[in-house]
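Below: one structure, written as structure tokens.
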Amino acid sequence: MLAAEVAALTKSGQVVWVEKDAGLRAFCVDEDYRASGAEIRSRNEILKEADILLGIHGDCLSAAKNKTFIGVYSPLYHLEEIDGWAQQGNTVFSLDLLPRTTRAQSMDVLSSQASIAGYKAALMAACTYARYFPMMMTAAGSIAPAKVLIIGAGVAGLQAVATCRKLGSVVEVFDTRPAAKEEVLSLGAKFVEVEGAADASKAGGYAVDQSAEFKERQKQRIAESIKKADIVITTAQIFGKKAPVVITKEMITTMRAGSLIIDLAAATGGNTEVTKDNAEVVAGNVTIIGNSNLAAAMPSDASKLYGRNVLNFLKLLISKDGSLELNLADDIISSACVIKGEEVISPIVKKNMVHGNVTQLHPEQY
Ligand code: NAD
């Protein structure tokens, strides 16, 4: 949270403590927080004495007792740790579980961070690729525009489409949700339809796992497109599950020398057979960059948007007299609440704890 969001809290009468140097990477120094009415304290002091703890990742969840935590704890990727969190008596809200509804839009941390990641992925591709993105007409001859293939047209994918189009490249897009088609076309890109995708209408806007036949058909279509692509940006995710592998090693061997794949789904297993999270892999003459944390490459705006999301969520929890009020009849509050009173109350987390159908991946990311 940056100083402006802290000021909104202090103005409404809340006492705000900020950990020393918490905003340094986002260019918000302790003096800025003090000017917005906050006090600077040590992490230990905050963990011991604050009532509500705002953060991002879950490294402090086991270090404090009887607090209210708000962050992005990705519980579906941390199932084996949840009983430990519950034993601390903390109430835990994880904002990645918010419903993707109009009312929850101003709190939607997945969207605010994915939008930055998609934008950065396009810029990273343009900077790393050894050729032009736009068509260039020069006295020495013309250069054709780069061909970009984007797999997954959710928030990150659409932002990557928009940015790649602004940079002058030709863009082709795959998604399993038919609703994505219109958005892709409106950005001036081509949407490649693959027949027979599973109905995702009851999955809260998210994609669902596909049949073996569909996966095979989709692979054939992607194989045709990838041969012609210079850049591939993959963002395909299935909420709470391992990412689908949509690009095989064999497909990569058909790509033009110097081509580039940026895999934003790396932390949940990756969309290619060769992706390694937080690493660059060279396969033949193709480079595959696995990075699901590109929002962190734009720390100032990422923190600003994240802070606003958290502030908007907090407004639902804090009553007019300034006290904490958990109205679990509100679908936004109940969806985000993982643990209350030492009990895991999130239905989706409980279901996954019983069935254990989530692959545990990359704990440093989630
Ligand atoms: P996500 O990160 O979960 O997935 C990224 C994209 O990958 C999705 O578009 C998904 O359909 C696609 N995908 C999954 N498997 C695929 C496969 N095998 N091949 C190709 N593509 C595949 O998505 P997200 O960006 O978090 O968005 C999730 C949904 O929420 C979207 O429907 C989005 O429109 C919706 N949304 C709604 C709101 C709102 O109304 N408030 C806000 C943000 C997002």
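The values are calculated or read from the model by the stated rules, or taken from the named source; none is laboratory data. These numbers come from a predicted model, not from an experiment. Glycine also receives a Cβ, built like all others from the backbone with ideal geometry; neighbour counts cover every protein chain displayed. Side chains included, ligands, DNA and RNA excluded: accessible areas come from the protein's heavy atoms. Shrake-Rupley method; radii C 1.70, N 1.55, O 1.52, S 1.80 Å.
What is the range 152-281 by shape, rounded, prolate or oblate, if you read a ≥ b ≥ c off the alpha carbon gyration tensor as root eigenvalues and call it rounded for a/c under 1.5, prolate for a/b larger than b/c, and oblate otherwise? Rounded, because the longest to shortest axis ratio a/c is under 1.5.
Per-peptide packing, taken as the mean over residues of other Cβ atoms within 10 Å, places 114-121, 66-73 in the sequence 114-121, 66-73 from highest down.
Place a +1 charge on the Cβ of each Lys and Arg in the range 111-297 and a -1 charge on the Cβ of each Asp and Glu, then give the dipole magnitude about the Cα centre in debye, rounded to the nearest 20.
The calculation lands at about 300 debye.
Accessible area of residue 57 (1.4 Å probe, protein heavy atoms only, ligands and nucleic acids ignored): about 100 Å². Peptides 42-48, 270-276 ranked from most to least packed give 270-276, 42-48, packing being the mean of other C-beta atoms within 10 angstrom over each peptide's residues.
Estimated translational diffusion coefficient (Stokes-Einstein, Kirkwood radius over Cα pairs, 37 °C, 0.692 mPa s) of the chain: 150 µm² per second. If you sort 277, 199 by accessible surface, 1.4 Å probe, largest first, the order is 199, 277. Solvent-accessible area of the chain (1.4 angstrom probe, protein heavy atoms only): carbon and sulfur portion equals 52 percent.
Annotation: lysines with alpha-carbon distance below 28 angstrom to residue 67 (same-chain offsets under eight excluded): 11, 20, 48, 304, 315, 320, 340, 350, 351.
Any idea of the accessible area per residue across the range 111-297, 1.4 Å probe, to the nearest Å²?
Working: 8430 Å² over 187 residues.
Here the residues of the range 111-297 average 45 Å² of exposed surface.
In this structure residue 298 has an accessible area near 40 Å², from a 1.4 Å probe over the protein heavy atoms.
If R₀ is 22 angstrom, what is the calculated FRET efficiency for the pair residue 201 and residue 103, using the beta carbon separation as r and rounding to 0.05? Walk me through the numbers on the way to the answer.
Details: r = 20 Å, r/R0 = 0.89.
Approximately 0.65, to the nearest 0.05.
For 85, 17, what's the largest-to-smallest order of accessible area, 1.4 Å probe?
On the way: 85 10, 17 65 Å².
From most exposed to least exposed: 17, 85.
Which is farthest toward the positive dipole end of the range 111-297 among 235, 203, 294, measuring Cα position about the Cα centre, with Cβ charges +1 (Lys, Arg) and -1 (Asp, Glu)? Farthest towards the positive pole: 294.
log10 I(q)/I(0), Debye, Cα-only the range 217-258, no solvent, q = 0.19, 0.20, 0.29, 0.34 Å⁻¹? Relative scattering, expressed as log10 I(q)/I(0), comes to -0.60, -0.66, -1.10, -1.29.
In the assembled protein chains, residue 194 presents an accessible area of approximately 30 Å² (probe radius 1.4 Å).
When DSSP beta bridges are restricted to pairs lying wholly in the range 111-297, around 30% turn out antiparallel.
If the convex hull of the alpha-carbon atoms of the range 213-366 is projected onto planes in all directions, what is the mean projected area in square nanometres?
On the way: hull surface 49.7 nm².
Averaging across all directions leaves 12.4 nm² for the Cα convex hull.
Within the set of other residues whose C-beta is less than 15 Å from the C-beta of residue 88, count the net charge using Lys and Arg as +1 and Asp and Glu as -1. Can you show the working numbers first?
Working: positive: 48, 65, 67, 340; negative: 51, 59, 81, 83, 342, 343.
Computed value for this residue: -2.
Give, as a single signed number, the net charge of other residues whose beta carbon lies under 13 Å from the beta carbon of residue 97, with Lys and Arg counted +1 and Asp and Glu -1. Present the calculation step by step, with values, prior to reporting the outcome.
Numbers: positive: 100, 350, 351; negative: 96, 108, 331.
Value of the local net charge: 0.
Span-like helices, the chain: DSSP H, alpha-carbon axial extent 24 Å or more, mean Kyte-Doolittle -0.5 or greater, which ones?
Values: long enough: 109-128 (28 Å, 0.97); 299-317 (26 Å, 0.01).
Qualifying helices, which must be both long enough and hydrophobic enough, are 109-128, 299-317.
State to the nearest 20 debye the size of the charge dipole of the chain about its Cα centre, where the only charges are +1 on K and R beta carbons and -1 on D and E beta carbons. Numbers along the way, then the final one.
Values: 38 positive and 41 negative charges, 185 e Å.
Charge dipole, the chain, about its Cα centre: 880 debye, nearest 20.
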